[in-house]
Amino acid sequence: MENATFEESLAELEAIVAQLERGDVPLEEALEVFQKGMLLSKQCQDTLSKAEKTLTKMMTDDNEEVPFTGEEEA
């Protein structure tokens with residue numbers, strides 16, 4: 001799903017997992033669906049990693065990005 005939101009990709013991944021868990025998918029189709037699920041999983045993980053990197057930075061008084069450590073400078 002090109003240009004899908006994180007939520008759309010996650011919902012599609014959940015649907016794939018449910019479909020595969022039912023076990024009523026022919027083997028060839030199951031392999032294709034599994035591969036699509038793996039791709040969606042990677043896309044979701046990449047999105048989460050990017051969000052984490054963004055959320056763990058803060059701006060200094062000089063407008064420089066620095067990693068957020070949770071400790072204030074003295």
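Every number in this text was worked out from the coordinates using simple rules, so none of it is lab data. These figures come from a predicted structure and were not determined experimentally. In this analysis, Cβ positions are derived from the backbone assuming ideal geometry, glycine residues included, and neighbour counts consider all displayed protein chains.
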Can you tell me the orientation of helix 6-22 relative to the chain, as the angle in degrees between its alpha-carbon axis and the longest Cα principal axis, to the nearest 10? 30
Using the Cα centre of the chain as the reference point, and only Cβ charges (+1 on K/R, -1 on D/E), how large is the resulting charge dipole? Debye, rounded to the nearest 20. 320
When the charge dipole of the chain is computed with +1 on Lys and Arg Cβ and -1 on Asp and Glu Cβ about the Cα centre, the Cα farthest towards its positive end, among V66, L39, A51, belongs to L39
For K36, which lysines qualify as cross-link partners when the Cα separation must be under 30 Å and same-chain residues fewer than eight apart are set aside? K50, K53
In degrees from 0 to 90, rounded to the nearest 10, what is the angle of the helix 27-55 Cα long axis to the longest principal axis of the chain? 10
At 222 nm, what value in deg cm²/dmol follows for the chain if DSSP H runs of at least 4 each add -39500 (n - 2.57) and the sum is divided by all its residues, to the nearest 500? -22000 deg cm²/dmol
Using only the alpha carbons of the range 1-45, what is the convex hull's orientation-averaged projected area in square nanometres? 2.9
